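Beneath this line is the structure, given in structure tokens, with notes to follow.
The values are calculated or read from the model by the stated rules, or taken from the named source; none is laboratory data. What you see is a predicted model; the values in this text were computed from it and never measured. Using ideal geometry, Cβ is built from the backbone for each residue, glycine included, and neighbour counts are taken over all protein chains shown.
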Amino acid sequence: MNKKKKIKNLYQGNKWILLVNLAIVFISCTTTNENGLSDWDLKGNVKSCFSYSYEVESKFGKWEKGKRRKYGHTQVTFDKKGGPQEEESYNSDMDLISKIIYVCENGQILEYAAYSGDGKLLSKTKYNYISNSEILTKRFYFYNNNNDSVFVDSVNITREKGKMRKQVRLEIRSDTAYDIRTICEFNYNEEGNKNDYKVIKELYKEDDIFHTNVFKYRYEYLEFDTKNNWTKRILFGEYDGKSEPICMEIREIKYY
């Protein structure tokens, strides 16, 4: 079996599982900054936001909240200038599985460190603000007790009017026969919330692209609080002409 066939086989089987996994990655990893709040679709003097993720069930012709999902529950705290301080991720039993600690200045992220639930350093990410519309981040991953960097990825982020429009993430791998390029493009509704987005995932080496997958997602907003921040929405995945709900997100927001 040649190299291209081996790589293509990585995508065989249940493509909906890959669709869900990519959605989770981009839900939880879209942190850029003009003011940290904007990338969580938040506005106002937010102190903290706890987001719970649930399965979606169809009952009497409506989408309803199902059981709590195994993963996807996060709590983010912000300073008074809108910069994120800490982001904690939990499983369905509310056990801590990861924690991110941010370093901010005037609401802008300078860098952050990611830790496992038991406190082990996993990665460090540094931000380079090239212009008002372009940001470059570089992430170093650590897998041993000596904090040696094993591999690096970078993300080029394009913003427009304070909103993230495009991410291009490059993963330079030494442990596989290919590198990974992931492109994510966002669209927003009139209220400034994410309306839909597209993910293009490419396996490549140098200029040779072995395989490409395209995934599309959209949001349906159900409830808002008095500050006009959404508190309930459904994420849908679209693939091969089909649209299926991936999860329902419910948020508890506290203000200063």
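Give the number of residues within segment 167-189 that are modelled with pLDDT under 80 and within 19 Å of residue 38 (Cβ to Cβ). Selection size over segment 167-189: 1.
Being of a type in the set (Lys, Arg), surrounded by 15 or more Cβ atoms within 10 Å (Cβ to Cβ) and closer than 21 Å to residue 139 by Cβ is a property that residue 120 lacks.
If you check 209, 183 for being of a type in the set (A, V, I, L, M) and under 21 Å from residue 165 (Cβ atoms), only one passes: 183.
Within segment 46-57, at least one residue is modelled with pLDDT of 95 or more, surrounded by fewer than 19 Cβ atoms within 10 Å (Cβ to Cβ) and β-branched (Val, Ile, Thr).
Filtered by the rule that a residue be among the β-branched types (Val, Ile, Thr), under 24 Å from residue 219 (Cα atoms) and either buried (at least 20 other Cβ atoms within 10 Å of the Cβ) or in contact (Cβ under 8 Å) with a residue 40 or more places away in the chain (or both), segment 63-101 gives 74, 76.
Reported count of residues in segment 87-131, each being assigned to a loop (DSSP other than H, G, I, E, B) and under 17 Å from the mean Cα position of the chain (by Cα), is 1. Residues that are within 17 Å of residue 38 (Cα to Cα) and buried (at least 16 other Cβ atoms within 10 Å of the Cβ) within segment 197-231 comprise 197, 219, 221, 229, 230, 231, listed in sequence order.
Going residue by residue through segment 9-19, is there one that turns out to be at pLDDT 50 or above and farther than 27 Å from residue 208 by Cβ? No. One residue stands out in segment 232-254 among those that are surrounded by fewer than 14 Cβ atoms within 10 Å (Cβ to Cβ) and of a type outside the set (D, E, K, R): the one that is nearest to residue 186 (Cα to Cα), namely 243. If you go through segment 198-256 and pick out every residue that is among the hydroxyl-bearing types (Ser, Thr, Tyr), in contact (Cβ under 8 Å) with a residue 40 or more places away in the chain and assigned to a strand (DSSP E or B), you end up with 3. Taking the criterion of being at pLDDT 90 or above and farther than 19 Å from residue 68 by Cβ, the residues of segment 201-229 that qualify are 216, 217, 218, 219, 220, 221, 224, 225, 226, 227, 228, 229.
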